[in-house]
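The values are calculated or read from the model by the stated rules, or taken from the named source; none is laboratory data. It should be emphasised that the depicted structure is a prediction, and the values quoted were computed from it without experimental measurement. Cβ coordinates were reconstructed from backbone atoms using ideal geometry, including for glycine residues, and neighbour counts include every protein chain displayed. Heads up: the accessible areas ignore ligands, DNA and RNA and are worked out on the full protein's heavy atoms, side chains in. Shrake-Rupley method; radii C 1.70, N 1.55, O 1.52, S 1.80 Å.
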Amino acid sequence: MIHSLFLINCSGDIFLEKHWKSVVSQSVCDYFFEAQEKAADVENVPPVISTPHHYLISIYRDKLFFVSVIQTEVPPLFVIEFLHRVADTFQDYFGECSEAAIKDNVVIVYELLEEMLDNGFPLATESNILKELIKPPTILRSVVNSITGSSNVGDTLPTGQLSNIPWRRAGVKYTNNEAYFDVVEEIDAIIDKSGSTVFAEIQGVIDACIKLSGMPDLSLSFMNPRLLDDVSFHPCIRFKRWESERVLSFIPPDGNFRLISYRVSSQNLVAIPVYVKHSISFKENSSCGRFDITIGPKQNMGKTIEGITVTVHMPKVVLNMNLTPTQGSYTFDPVTKVLTWDVGKITPQKLPSLKGLVNLQSGAPKPEENPSLNIQFKIQQLAISGLKVNRLDMYGEKYKPFKGVKYVTKAGKFQEDLEVISSIGGHQLEAAHFNSKGRGYSVNLSPKTSELVSASRKLS
């Protein structure tokens, strides 16, 4: 299925490659580099690229591109899921999935790739099985291996690989038995200029960290499970019981894993926690403009909105920006033309704003490209969908474990594209659309703008 794998950093350097069949030249990545240059952002690189003799299927994780080379037609989502499993395995083994960590553990990386893929087809992708096959790196193990010349590869076949529960190893023992669940939700939305919601949905996951002795059988129930749409399950979950009772019943893997991922698509259940007021204007035949952004909480949910960062991709003709923030700090990169405003927490008593002048290249025409605005934020101890865990029951073992649940709400891809406001004879052209992951847009024209557009149509 997968012929070769290339790991590429943000600079475009191929720092690791793995071939399962014949060697594929690095020149095949030129098609990927061309698509990367055309994309405005790294996240907008097409995940599937067709070449004359191959297909390139890629993901972007932790500032790295995982690019797989396929010679025959395969389900792209199957390959994408496997690439995410590879990145998750590196994260689990090395603590981070970064270029430095991969280079420092390059031998273990190749050993993992050999076990995860057999002749191009996925073989062992469960973390528990891999950790019995290939021991995770430690300082002591590295010293012993360097002295004795041994490797991290285990001598025996993993016990779970031959059982009907391959995701859990046998003989697990802990002094402290604990079960933690993190409910993490991200909001995607399309908001029109008046502030009404055109489209909104929540992408959520429940990540688990299970450290329980023996072979426990867990049941996790929710207050309102009917909220969840398009639920994707870990293989350990018994699907029939979820269908009949809306209860998650499973024998968990040992350690960290993703229990489920889900979507909440009903718009009346999605609350948009923040709003942004903006005004970006450029005068005709002038080398300067005005910039004004204010951000605030849309409704009081009893939780503090923190970690707010606003990123604005300014037009290429912008030289620099002289701004004054009422809260936080800002930076402007004159090379990439990216303005980053680190707001921090929002206090409803005094809304943070960023105002000032924009300097353009002398003699340059009014910017035609639309600035885009991205917002990131985080709300602790809140699931914006209203999902709540009811209880966790354990069967098959006699001890009482410690249980914990944490809720986090984050911004998904809040992207707002603004058309430049031009001053023409006292009238202002105003149009804006709020775009989330390219799903759509809305345009609102002020009454003056509508009159001006009608007049221009008559003249034309």
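When the stretch 345-400 is examined, which residues are found to be touching a residue at least 60 places away in the same chain (Cβ under 8 Å), part of a loop (DSSP other than H, G, I, E, B), within 24 Å of Ile202 (Cα to Cα) and of a type outside the set (Val, Ile, Thr)?
Gln381, Leu382, Ala383, Ser385, Gly386, Leu387, Lys388, listed by residue number.
When Lys193 is evaluated against the numbered criteria (1) of a type outside the set (S, T, N, Q); (2) modelled with pLDDT under 90; (3) in contact with a helix residue (DSSP H, G or I) (Cβ under 6 Å, 6 or more places away or on another chain); (4) within 27 Å of Phe377 (Cα to Cα), which criterion, by number, is the only one it fails?
(3)
Given the structure, is Val198 of a type in the set (A, V, I, L, M), open to solvent by 30 Å² or more (accessible area, probe 1.4 Å) and either in the same structural domain as Val184 (by the TED database) or farther than 23 Å from Gly412 by Cα (or both)?
Taking the combined requirement at face value, the residue satisfies it.
Taking Val270, is it open to solvent by 30 Å² or more (accessible area, probe 1.4 Å), touching a residue at least 24 places away in the same chain (Cβ under 8 Å) and more than 27 Å from Val172 (Cβ to Cβ)?
Answer is no for this residue.
Output the residues belonging to the stretch 314-337 that are in contact (Cβ under 8 Å) with a residue 40 or more places away in the chain and open to solvent by less than 70 Å² (accessible area, probe 1.4 Å).
Passing the criteria: Met314, Pro315, Val317, Val318.
Mind telling me which of the residues Ser221, Ser279, Ser261, Ser286 ends up being open to solvent by 10 Å² or more (accessible area, probe 1.4 Å), assigned by the TED database to the domain that holds Ile375, of a type in the set (Gly, Ala, Ser) and in a strand (DSSP E or B)?
Result of the check over Ser221, Ser279, Ser261, Ser286: Ser279.
Would you please name the residue that is least open to solvent (accessible area, probe 1.4 Å), looking only at residues in the stretch 201-214 that are touching a residue at least 60 places away in the same chain (Cβ under 8 Å) and over 14 Å from Leu227 (Cα atoms)?
By that ranking, first place goes to Leu212.
Have a look at Leu373, Leu351, Leu360 and point out the one that is over 30 Å from Glu178 (Cβ atoms), modelled with pLDDT under 90 and within 22 Å of the chain's Cα centre (by Cα).
Leu373
Leu228 passes all but one of (1) within 20 Å of Ile379 (Cβ to Cβ); (2) modelled with pLDDT of 90 or more; which number fails?
Single failed check for Leu228: (2).
Kindly check whether there is at least one residue in the stretch 249-256 that is part of a strand (DSSP E or B) and free of Cβ contacts under 8 Å to residues at least 60 places away in the same chain.
yes
Can you tell me which residue among Phe250, Phe239 is of a type in the set (A, V, I, L, M, F, W, C) and open to solvent by 10 Å² or more (accessible area, probe 1.4 Å)?
So the residue among Phe250, Phe239 that is of a type in the set (A, V, I, L, M, F, W, C) and open to solvent by 10 Å² or more (accessible area, probe 1.4 Å) is Phe239.
Scan the stretch 430-449 and tell me whether some residue there is at pLDDT below 70, open to solvent by 40 Å² or more (accessible area, probe 1.4 Å) and part of a helix (DSSP H, G or I).
yes
Is there a residue in the stretch 338-349 that is among the aliphatic types (A, V, I, L, M) and either open to solvent by 60 Å² or more (accessible area, probe 1.4 Å) or farther than 16 Å from Gln376 by Cα (or both)?
no
Before we move on, is Thr294 over 19 Å from Ile191 (Cβ atoms) and either assigned by the TED database to the domain that holds Ile202 or in a strand (DSSP E or B) (or both)?
No; evaluated as a whole, the condition is false for this residue.
Which of the residues belonging to the stretch 101-159 are open to solvent by 60 Å² or more (accessible area, probe 1.4 Å), assigned to a helix (DSSP H, G or I) and at pLDDT 85 or above?
Of everything in the stretch 101-159, those that are open to solvent by 60 Å² or more (accessible area, probe 1.4 Å), assigned to a helix (DSSP H, G or I) and at pLDDT 85 or above turn out to be Lys103, Asp104, Val107, Tyr110, Glu114.
Going by the conditions given, is Val310 in contact (Cβ under 8 Å) with a residue 40 or more places away in the chain, in a strand (DSSP E or B), open to solvent by less than 50 Å² (accessible area, probe 1.4 Å) and closer than 25 Å to Val408 by Cα?
In short, yes.
Regarding Phe90, is this residue assigned to a helix (DSSP H, G or I) and of a type in the set (Phe, Trp, Tyr)?
yes
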